[in-house]
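Just passing along the structure, written as structure tokens.
The values are calculated or read from the model by the stated rules, or taken from the named source; none is laboratory data. Note that the coordinates shown come from a computational prediction; the quantities given were computed from them, not determined experimentally. Don't worry about glycine lacking a Cβ; one is built from the backbone with ideal geometry, like all the others, and counts go over all protein chains shown. Ligands, DNA and RNA are excluded from the accessible area calculation, which covers all protein heavy atoms including side chains. Shrake-Rupley method; radii C 1.70, N 1.55, O 1.52, S 1.80 Å.
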Amino acid sequence: LTGKLQAMLEDGVVTYLAPEKCISRHDEIQSTKNDQQLSFDAQGNVQVTKAENQLNCDVTSELRLRQCLTRKALAFDQIKLCSFDVMATWYNATLQALMRKPPAGHKYVTIQQTLAADRELWSLLSQNTRGKLKVMVGRSPPLDGELGNMGRSPPVLCFMTPLPGQTSKVEI
């Protein structure tokens, strides 16, 4: 996980990292995949690297999703791209949207909607931070301000809006 984030930092481009790709260290250790592959670095040099791990986390429940998102926030904090508190605030907002009671005639927000909001947020972050992704000693992580602002933007929040439910027939 931190390898993917380090690559983002070296390339200077934020990319979407799906929560289901944020596997636990325990699951990573239990994996026996040791395949190698050829890849190219930013300068075009050939490197022999380990093949990308195809393990996925289960994000079908709120608790499992929270665990994946916590691992993701910790990894971003470790690489100093975004502080844990800022990412935790965003992910708490998405999980609160799942639990919030919808208005009459609407359905609860689904996990798929929150994942779509997260995907949109990271897409906007990628566009807004192009060329600005530098970690400097004594400065706050480069994604802190942007993530805080984008997490409150209408293009992101619209994904976490309760959708209309099925109308029931009223008998008279």
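Set Lys and Arg Cβ to +1 and Asp and Glu Cβ to -1, take the dipole of segment 46-142 about its Cα centre, and tell me which of VAL137, PRO103, LEU69 lies farthest positive.
Value: VAL137.
Here's something else I'd like to know. For THR114, what charge total do you get from the other residues with a beta carbon under 14 Å from its beta carbon, if Lys and Arg give +1 and Asp and Glu give -1?
Net charge in that neighbourhood comes out at +2.
How large is the dipole of segment 94-172 about the Cα centre if only Lys and Arg carry +1 and Asp and Glu carry -1, each at its Cβ, rounded to the nearest 20 debye?
140 debye
Amide H neighbours of HIS106 under 5 Å, at least 5 residues apart or on other chains, H built in the peptide plane: list them.
GLY165
So if I take the alpha carbon set of segment 69-172, get Rg, then get Rh from the Kirkwood formula, what is the Rg over Rh ratio?
1.12
Ranked from the most accessible area to the least, with a 1.4 Å probe and all protein chains present, what is the order of CYS158, CYS82?
These residues rank, largest area first, as CYS158, CYS82.
Going by average Cβ neighbours within 10 Å, how do the peptides 37-43, 63-69 rank, with the highest at the top?
Going from most to least packed, we get 63-69, 37-43.
Between LYS101 and SER126, what FRET efficiency follows from the Cβ-Cβ distance if R0 is 35 Å, with the result rounded to 0.05?
In this case the efficiency is close to 0.55.
Now, a different point. By how many nm would the segment from LEU163 to LYS134 grow when fully extended, if each residue of separation counts as 0.36 nm and the alpha-carbon distance is taken off?
6.6 nm
Could you give the length gained by full extension between GLU62 and VAL13, i.e. 0.36 nm per residue of separation minus their alpha carbon distance, to one decimal place?
So the chain would gain 14.7 nm between GLU62 and VAL13.
Which net charge results when you count Lys and Arg as +1 and Asp and Glu as -1 among the other residues whose beta-carbon is under 15 Å from that of MET160? Before the final figure, lay out each step's value.
On the way: positive: ARG100, LYS101, LYS107, ARG119, ARG152; negative: GLU62, ASP118, GLU120.
That works out to +2.
Which net charge results when you count Lys and Arg as +1 and Asp and Glu as -1 among the other residues whose beta-carbon is under 10 Å from that of TYR16?
Working: positive: LYS21, ARG119; negative: ASP118, GLU120.
Result for the neighbourhood of TYR16: 0.
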